[in-house]
Structures are given as C-alpha cells and as structure tokens.
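Note sheet for the following structure.
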C-alpha cells in the first residue's frame, strides 16, 4: 500500500516528527511552499538512517512530513490561543528556527478574528466525525498488527480495522456515535457479506460510500484505483505462490522416490562387479560356464552366478529380463566378447 510496516516503521515515524520541527518553520503556510533545496536536505537526512530509495517511498515520506508539520502547527496554535494570556508567554513558545519578527506575524495571524472564524468552522466539522485512536501508528500498521494476532489473517476486514481504530485501550468506544456504529457493525458481522469490493463491503454498508480519492481504514494514500491494482497484484502473487508450492511438493516426491530407488541398490565402497565387492559370499553361489555367444559356443570362462533379478544393476544399468549377473573367476579366452560389459 506504499506505507511502511514492521519494526523499522516505528523508528521512521519517531524520526520524522523531530526532523520536521527542527528544519521546517511552522510559519510556512503550506508544505507545498517549501523549497526543493529544503526537501532535498530532509530526504538525504532520512536516507542516511533508513534504507529508502524508491520514488514511491519518497512520495509517502514527503506526504507524511506535510501531515506532521500541520499537526505540529495545530498544537502550537492551540497553545497560543488557549493557554497563553500574555504576549510574553506567546513569545516564549517561539521555535528556534523562527525569527522574532516572523513569530510576531504568525501570532498576530493566528489570534485574529478571521482565523477564529475559520477555526470554529472546522472545529464544528470535526465534532461530527468519529476520531480514531491510532495516534501515529496509522491504519496500515494497525491492520498488520491485527493480522499477526489473528488466527485467520484473511478475516481481518476493513470493518474490523475501523472498529478497532475507534476503540480505546479499555475497550470502550471513543464516543457515543462510535458506540452506535459498533452496534450496527456487530449486526453486519453476524450476517457477513462475501464481497471484498470496497463499494459493497461491510464498512460501506455501515458508513456509506467512500470518498472517491480515499478509502477508509486503509491508510492515508489508498484510493479505489490503487486498491484495484493491489487486488490484481495480490491475486497474481497468490496464484504464483500456489504454483510454486505445487512444484515444491512434486520435487519432494521425486526426491523421495529417488532415495527409495537408491536404497534398493547395493552401494559397496568398490566397483559393484569387482571381486572385492562380492568375494565374501562367492563360495555360496552356484558355479557356471560362460560360452562364446558370438562364435562357435566354445567355453571362454568359468564363474559363479550371482543374480538373475531384472531389477539388479550392472554398472548402474538395470539387469533386465533374460540376463544374469556373473562373477568371472577364470577367463580361458580373455579376448572373448561380453554380452554386456
């Protein structure tokens, strides 16, 4: 989904906030107004501590730092407006990377009647929302933790992530609106839908359609089009993993068959047809005469019959039907041809 997960993501999240506060003045009106030189400094500083090289990683980090700047600015403006009662107290809040002149302008702007009107407007909008309790963890890392703790990771749906994100540590909903939604969510879970389409899943049934540019409970950067791409990619990867697992099973079966095949053979330290390999039991084997099979049937050697088993081996070749394995003891005609050397 383009968002970091795992132990490294916690360190990254902890590092970005102080980095932004140290280098980016809160007096900047919009993150997009920051110079490319400053963004390069920030990115190089991050790369010096984390293995981040891909463009999508840089895109996420830059957006995250923009959100952190906005959050930092909101906290300091709240102190200016609600905590401080004198100009000196407001001046004491000035960050080191902001000049006194710029800070006075900033304080004047944030304490003006026009800013209060805008602030009250957005405060009223927020009062109608159900806030999450994820803090800096975010939805993606929350979902990942839920999957690790679940016996069935595939059952961790958008709805369950949303409910978990609106639940306090003591297990209670964040507010009364959340409590009402939780009751409806429990009813929906009792009669689950098989649909994984965000337009039709349980969370959409609970809260209504998502905004076009962002899917709820799936991270900051997830849109419907991105979700469609991830779904196709996950399906392809699942098929590849299934095929790979099937091939590994086949390989294991072949290896087991090969091991059985080898165990059926005798594997002496010396050649299997040598006198040293079979001299221990040769006296118990019946004697036989070998005749010239491509000449006049003269006797060419004397030996002992060791095997007529078709599955026995001669020089790594199965003996086969109508053949015998013989140890030659006396070769009266050494130049005679063997039927099978």
Can you tell me which of (1) out of contact with any helix residue (DSSP H, G or I) (no Cβ under 8 Å at 6 or more places or on another chain); (2) modelled with pLDDT of 90 or more is the one residue 33 doesn't meet? (2)
Return the residues of the range 202-218 that are part of a loop (DSSP other than H, G, I, E, B) and either modelled with pLDDT of 80 or more or under 20 Å from residue 179 (Cβ atoms) (or both); say none if nothing qualifies. 208, 209, 216, 217
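A quick yes/no check of all residues on (1) out of contact with any helix residue (DSSP H, G or I) (no Cβ under 9 Å at 6 or more places or on another chain); (2) over 29 Å from residue 216 (Cα atoms); (3) surrounded by 16 or more Cβ atoms within 10 Å (Cβ to Cβ):
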| position | (1), (2), (3) |
| --- | --- |
| 6 | no, no, no |
| 24 | no, yes, yes |
| 41 | no, yes, no |
| 46 | no, no, yes |
| 59 | yes, no, no |
| 72 | no, no, yes |
| 85 | yes, yes, no |
| 104 | no, yes, no |
Residue 50 vs (1) part of a loop (DSSP other than H, G, I, E, B); (2) modelled with pLDDT of 90 or more; (3) within 28 Å of residue 77 (Cβ to Cβ): all pass except (3)
For the range 1-50, which residues satisfy the criterion of being under 26 Å from the mean Cα position of the chain (by Cα), farther than 18 Å from residue 136 by Cβ and touching a residue at least 40 places away in the same chain (Cβ under 8 Å)? none
Residues of the range 285-321 that turn out to be part of a loop (DSSP other than H, G, I, E, B) and over 26 Å from residue 263 (Cβ atoms), as a count: 8
Failed condition for residue 55, given (1) over 26 Å from the mean Cα position of the chain (by Cα); (2) free of Cβ contacts under 8 Å to residues at least 12 places away in the same chain: (1)
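The values are calculated or read from the model by the stated rules, or taken from the named source; none is laboratory data. Computed from a predicted model, the values in this text were never measured in an experiment. Counting neighbours? That spans all protein chains shown, and the Cβs are built from the backbone with ideal geometry, glycine included.
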